[in-house]
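Notes for the one structure printed next.
The values are calculated or read from the model by the stated rules, or taken from the named source; none is laboratory data. For clarity, every value in this text was computed on a predicted model and none was experimentally measured. Glycine also receives a Cβ, built like all others from the backbone with ideal geometry; neighbour counts cover every protein chain displayed. Remember, those area values only see protein heavy atoms, side chains included, never the ligands or the DNA or RNA. Shrake-Rupley method; radii C 1.70, N 1.55, O 1.52, S 1.80 Å.
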Amino acid sequence: MKSCLICQGIINDNFEIEWILSLQPRKIKLICQDCQGGFRALSGKIKCEGCSRVLEMSGFCNDCKKWIKKYNGKLLKNTALYEYNEKMKDYFQKFKFLGDYYFLNVFNQELRKFVQKEYGSNWLYVPIPISIKSYQERMFNQVEGLFSGVNFTRALIVQSEEKKQQSKLNRNERLRRKQPFKLNSQYEEIVKDKNILLLDDIYTTGRTLYFAAEVLKNAGVKKIETITLAR
Amino acid sequence: MKDEDFFGRLVPLKKTEQFILKDITSVFKIEAIEVQKNKIMCNRCNQKTVKKRAILPNQEYFCPQCIMLGRITTQHILYTIKEPNRFVENLNPLTWGGELSMSQLECSNKIVQVQEENQNFLLWAVTGAGKTEILFAALAEAFKKGKRVCIASPRIDVCNELYPRLNEAFKHIKIVLLHGYQTERYEYSQLVVCTTHQLIRFKEAFDMLIIDEVDAFPFKDNSMLVGAVNAARKTSSSLIMLTATPTKSLLKEVKMKKMEVGYLPLRYHGKELPVPQIIIKSNWLEKFKKGEMEKKIGKIINKWIDEQHPFFVFVSHIKYLKIINEVMIKFVVGRCNGTTVFSADKRRVEKVQKMRNGEYQYLVTTTILERGVTFAGLNVLVLGADDELFTSSSLVQIAGRVGRSAQNPKGDVIFICGKRKKNVVDAKKQIQLLNAKGRKLRI
């Protein structure tokens with residue numbers, strides 16, 4: 001009898017007919033059906049063409065319209081796999097804030113496969129970095145955890161140590177932040193004229209990813225897209 | 001930090017934070033996590049974990065088992081100072097003036113003796129027997145002798161309810177309340193009221209340890225918590241376990257004479273336990289799913305609303321809360337208010353308080369409110385009492401919410417079932433048996 005990583009409930013790990021017919025290797029379940037059902041996948045939903053937020057009608061959300069204005073029409077294309085809801089909040093609470101690194105395994109396989117299938121080897125994969133202070137505290141970068149197995153190009157670093165934990169800021173404070181990143185000088189040549197996929201855990205206001213993209217654009221990157229686990 | 005913060009407690013500090021200890025003397029230290037061949041061993045919760053589950057990308061390890069108390073890693077050291085019992089002397093700590101019934105007094109005396117002789121004791125008392133008051137005399141004796149005491153319960157609601165009552169009964173004794181949802185800092189005190197998980201942070205601290213609802217999840221079958229209980233007590237100390245529905249393994253220990261048992265089959269007001277009424281309605285859930293109130297259930301609720309008595313509606317699973325409450329809201333509209341409660345509900349404490357204030361007349365709840373919560377004049381309805389998630393002991397507990405006050409010693413306990421099942425029948429039988437024993441005692 002196994003218990004669910006998230007709620008400690010019992011995982012029903014019976015053999016299912018779908019699995020037997022699929023001829024696939026058996027996936028080990030880490031979370032129970034109820035918790036699984038609590039995560040809302042975004043594929044197939046009507047969503048913002050910019051950031052993947054769920055919308056009632058296709059088009060751009062209000063936030064992305066503002067980004068279009070601010071960046072003269074140069075909108076980032078963000079793919080998010082899941083909606084940021086209560087369940088996802090609970091997940092990040094345990095993974096990122098309690099610091100249970102093993103939680104990366106709940107989504108790692110899915111994220112890795114998605115990136116490899118949709119983007120492949122013509123892209124460089126740049127994870128959003130965390131500050132040295134956060135790293136010392138947490139002892140892992142949750143983004144690199146989530147996407148582990150992907151070949152990272154650590155082209156960005158946090159430039160000021162003041163970078164307060166974003167989750168502690170409110171929406172306006174987030175939007176008013178100053179550029180927190182700079183280019184890792186070792187990668188100056190490497191990123192030029194490349195396609196870059198930025199990797200992050202949660203897309204909230206988009207502020208972080210737009211800052212990261214700005215640094216990379218100034219470094220002469222050809223094309224930038226972004227992917228996050230949750231929106 | 002102060003010396004006091006380490007008394008009988010395991011305090012984790014990072015190896016880089018040892019400067020905090022500069023003014024602290026005679027502190028004992030151990031590695032927080034020991035790395036073995038295939039596993040790691042946590043010296044806080046005493047649990048082993050396979051390395052793969054516990055590794056960090058910088059090749060350090062953390063313990064996932066007690067992580068809810070704050071993560072500790074191979075970069076931490078645990079510090080403790082031997083419990084010195086440094087309390088202000090108080091020769092008359094009890095500020096409670098109530099009286100005990102004859103049978104309560106007998107139990108109370110027994111516990112005083114257990115406390116003196118540092119023994120183990122199981123108090124089997126019906127729900128609403130007045131267990132807290134029965135403890136007062138022994139607590140007072142312990143405080144007089146400068147003993148350090150802990151009352152632990154698996155449920156936060158129980159802790160929150162006990163804390164003010166104990167503060168009232170021992171006005172000059174320092175008491176701290178510890179549980180995961182509260183932000184107050186830990187302070188050294190003679191009495192600790194806490195959830196069972198918090199015991200993991202203590203080491204040979206208590207001369208007297210009282211565990212309420214010893215049969216309840218998550219204490220049952222949890223080697224981490226059982227270990228924590230043993231580690232939190234001093235080698236020479238008393239352990240008093242309280243239960244209304246003892247498990248088989250507890251009764252076995254009693255039979256094997258590992259501990260003594262005290263028996264209290266009567267409620268403090270001397271009235272019998274309300275006997276549940278079992279009603280078979282095979283279609284109750286379908287009705288709710290269709291958005292309709294089942295007729296019989298509607299009748300019962302109407303009666304309770306007319307009598308203006310508060311009531312709980314218990315359901316087996318979180319997923320039913322919404323469906324059922326939607327029908328409830330429609331059904332009671334304009335007459336009363338209510339809401340839903342479940343274990344991870346961040347507003348749980350607030351909602352229970354609102355019910356106390358009379359803002360809500362009912363709560364639709366999972367088993368989270370089956371224990372410890374007391375409302376005068378309460379009625380309960382269990383929807384799907386035959387669901388296997390309701391064990392017979394949890395049904396006895398639920399029934400035990402009713403008729404607790406001396407003014408309202410009666411009330412309705414209604415079990416709605418799809419089928420007549422063993423758990424429901426057993427619960428009813430157990431209550432009837434207790435009542436029969438209680439009747440003998442009165443004569």
Those strands (runs of 3 or more DSSP E) lying entirely in the stretch B:14-128 with at least 1 residues touching a residue at least 24 places away in the same chain (Cβ under 8 Å): B:28-31, B:33-35, B:39-42, B:76-80, B:120-125
Please go through the stretch A:81-111 and give me each residue that is away from every other protein chain (no Cβ under 11 Å) and over 18 Å from A:Tyr203 (Cα atoms), ordered by number. A:Val106, A:Gln109
Hey, B:Glu106 hits all of (1) more than 14 Å from chain A (Cβ to nearest Cβ); (2) more than 30 Å from the chain's Cα centre (by Cα) but one; which does it fall short on? (2)
Mind checking which residues of the stretch A:120-148 are at pLDDT below 95 and away from chain B (no Cβ under 14 Å)? A:Gly120, A:Ser121, A:Asn122, A:Ser131
For B:Ser316, only one of the following conditions fails: (1) within 14 Å of chain A (Cβ to nearest Cβ); (2) without any contact (Cβ under 8 Å) to a residue 60 or more places away in the chain. What is its number? (2)
Among the residues in the stretch B:290-313, are any under 28 Å from B:Gly130 (Cα atoms), open to solvent by less than 30 Å² (accessible area, probe 1.4 Å), aliphatic (A, V, I, L, M) and away from chain A (no Cβ under 14 Å)? yes
Cβ contacts < 9 Å: first residue more than 19 Å from B:Lys131 (Cβ to Cβ), restricted to the stretch B:240-258; second residue assigned to a helix (DSSP H, G or I), any location; separation 6+ or different chain. Result? B:Lys258/B:Lys252
Only one of A:Thr204, A:Thr226, A:Thr153 is of a type outside the set (Phe, Trp, Tyr) and touching an Asp or Glu at 6+ places or on another chain (Cβ under 7 Å); which? A:Thr226
Starting from the stretch B:165-192, take each residue that is not assigned by TED's automatic domain parsing to the domain that holds B:Leu69 and list its partners that are among the aromatic types (Phe, Trp, Tyr), counting only C-beta distances under 6 angstrom and pairs at least six apart or across chains. B:Ala169/B:Trp96; B:Ala169/B:Phe136; B:Ile173/B:Phe143; B:Leu177/B:Tyr163; B:Tyr188/B:Phe7; B:Gln190/B:Phe87
By my count, helices (runs of 4 or more DSSP H) wholly in the stretch B:315-422 with at least 3 residues that are surrounded by fewer than 20 Cβ atoms within 10 Å (Cβ to Cβ) are B:318-332, B:348-356
Tell me which residues, restricted to the stretch B:52-86, are more than 14 Å from chain A (Cβ to nearest Cβ) and crowded, with 17+ Cβ neighbours inside 10 Å. B:Ile77, B:Leu78, B:Tyr79, B:Thr80, B:Ile81, B:Glu83
Out of (1) modelled with pLDDT of 85 or more; (2) open to solvent by 70 Å² or more (accessible area, probe 1.4 Å); (3) out of contact with any Asp or Glu (no Cβ under 9 Å at 6 or more places or on another chain); (4) of a type in the set (D, E, K, R), what's the single condition that is false for B:Lys174? (3)
For the stretch A:53-60, indicate whether the set of residues that are touching a residue at least 24 places away in the same chain (Cβ under 8 Å) and either away from chain B (no Cβ under 14 Å) or over 17 Å from the mean Cα position of the chain (by Cα) (or both) is non-empty. yes
Can you confirm whether B:Ala427 is small (Gly, Ala, Ser), open to solvent by less than 10 Å² (accessible area, probe 1.4 Å) and not in a loop (DSSP other than H, G, I, E, B)? yes
